[in-house]
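Just so it is clear, none of the values below were taken in a lab; they were calculated from the coordinates. Quick caveat: nothing in here was measured; it's all calculated off a predicted structure. Every residue, glycine as well, gets a Cβ built from its backbone with ideal geometry; the counts of neighbours run over all protein chains shown.
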Amino acid sequence: MPDGSSPVSDRPRVLPPNDPRQYDDLADEWWRPDGAFAMLHWLARARAALVPPAARPDALLVDLGCGAGLLAPHLAGKGYRHVGVDLTRSALAQAAAHGVTPVNGDATAVPLADGCADVVAAGELLEHVPHWRAAVAEACRLLRPGGLLVLDTLNDTALSRLVAVEIGERLPTVPRGIHDPRLFVDDRALVAECARHGVDLRVRGVRPELGGTLRWLARRLRAARRPPVRSDPSPAGREPRIRPTWSTAVLYQGRGVRCG
C-alpha cells in the first residue's frame, strides 16, 4: 500500500462482547492447559466430580455449550454416551476428536428428544446466552425423570462483574470481551426457574484455590515474556483446583434432580 500500512484483512478483528465468533478466533487455545481457556479446564474437572457413574447401560449425558469437549476426559470410565451441543463448528470438531458425539445447535433450541438424557451439563454457558431462561427450559426438558442437571455460571452481582470482567479480562487468564456482564445470572432466579421446570436445584459458591492460581498466573506471566514455541504450547504445572466457598456472589455451581 502506498502509505506502508497493513491491509485491513491483516488486522485482528474487533468483535462485540460475548460474540460467538471469538471462539473461532481462539480455536487453537481450547486444549492448551495454560492457554486462554485454562479456567474452563479447572471448572470441567469440578463439574465432572458432580456426575456419578452411570446407573444404567447406554446412559446419555448431554453437554450443552460443550466447546471443544473439555468435560470428556473427566467423564472417562463413568459409562455415559457423551453428546455435545454447541454453536461453534470449529470447537465441535475438536470435541469429536475427544470422543464426544457433536451436535451443532443452539442451547435454547436443542435438536434432541424430550427426556432423552440421564445427565445434562451446562458448564459456563448460561452467562453467554441472551435468553438464559430458555436454555434452562431446554436443559430441564431433555432430562428424564430422576435425571441430573449440573451447571456452573457467574452471578449477576457487582462483585462478579468486578472480578470476572474489570479484573479478570485484564489479566492473562480470560480473553478480553469474552463476557457480557448484562447476561450474568442471579442464583436465586436460576433456582426458581429450575423449580418451574421440575428440577430442585441446589447451588453453592466455588472459587479457584488461591495458592494454585497464583502459581499458575506466575507461570503465565513468565511464559508471556518468552517467544512462543509451537512445539511447547504451555508451561507444565498442576492445574489449580476449584474449591467450595461460602459465597455465591461471583461463581457458583448447581446440582439438581428432575422430579418424576
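In this Cβ point-charge picture (+1 for Lys and Arg, -1 for Asp and Glu), region 134-181 has a dipole of about 120 debye about its Cα centre. Placing a label point 7 Å from the Cα of Ala137 along the Cα-to-Cβ direction, the residues of region 184-219 whose backbone N falls under 20 Å from that point are 184-201. Identify which of Thr213, Thr153, Thr88 has the largest mean-square fluctuation in a Gaussian network model of the chain, with springs joining Cα atoms closer than 10 Å. With Cα springs under 10 Å in the chain, the top fluctuation among Thr213, Thr153, Thr88 is at Thr213. With a simple spin-label model that places each label point 7 Å from the Cα along the Cα-to-Cβ direction, the separation between Ala93 and Val14 comes to 2.9 nm. Shape analysis of the chain yields a ratio of the Cα radius of gyration to the Kirkwood radius, Rg/Rh, of 0.98.
Here the label points at Arg241 and Leu159, each 7 Å from Cα along the C-beta direction, are separated by 2.3 nm in the simple model. For the chain, the relative contact order is 20 percent, taking Cα pairs closer than 8 Å that sit 6 or more residues apart in sequence and dividing their mean separation by the residue count. Applied to region 100-106, the Karplus parametrisation 6.51 cos²θ - 1.76 cosθ + 1.60 on θ = phi - 60° returns per-residue 3J(HN,Hα) values of 8, 7, x, 10, 7, x, 8 Hz, with x for Gly and Pro.
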